[in-house]
Amino acid sequence: MTLSMPVSSLTNYNNVLSEVDSGKEVVLTKNGRSKYAVIDIETWQYTTSMLRFLSDMKAVDEEMSSGGKWHTSEDMFQRLGIEQ
């Protein structure tokens with residue numbers, strides 16, 4: 001669930017941070033428009049790791065589409081930096 005607050009709410013940033021929880025972000029608005037998002041570190045780490053994963057999967061898909069070789073699951077784990 002997203003909570004919107006004006007950026008001026010940061011004058012008491014503890015109130016803003018108390019609203020941030022796992023899976024719940026605070027969107028800060030400036031002049032009535034969404035400008036910034038405040039999320040907890042676990043959500044940020046998950047999001048960035050998923051973006052990296054999807055980017056790697058797209059690269060593999062493009063490689064396969066252009067006649068690249070098939071990869072074993074061990075190759076993929078190594079390429080994606082996943083320990084087995």
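The values are calculated or read from the model by the stated rules, or taken from the named source; none is laboratory data. Here the structure is a predicted model, which means the values were calculated and not measured. Cβ atoms come from the backbone with ideal geometry, glycine included; neighbour counts cover every protein chain shown. Note: areas computed on protein heavy atoms with side chains; ligands, DNA, RNA excluded. Shrake-Rupley method; radii C 1.70, N 1.55, O 1.52, S 1.80 Å.
Quick notes on this structure:
- Filtered residue count, segment 26-42, keeping only those that are closer than 18 Å to Asn12 by Cβ and in contact with a Pro (Cβ under 9 Å, 6 or more places away or on another chain): 3
- Residue tally, condition in contact with a helix residue (DSSP H, G or I) (Cβ under 9 Å, 6 or more places away or on another chain), open to solvent by 80 Å² or more (accessible area, probe 1.4 Å) and assigned to a helix (DSSP H, G or I), over segment 54-84: 1
- Filter pass, Gly68 being within 20 Å of the chain's Cα centre (by Cα) and farther than 30 Å from Ser4 by Cβ: no
- Looking only at segment 40-65, and only at residues there that are among the aliphatic types (A, V, I, L, M) and out of contact with any Gly (no Cβ under 9 Å at 6 or more places or on another chain), the one that is farthest from Val7 (Cα to Cα): Met64
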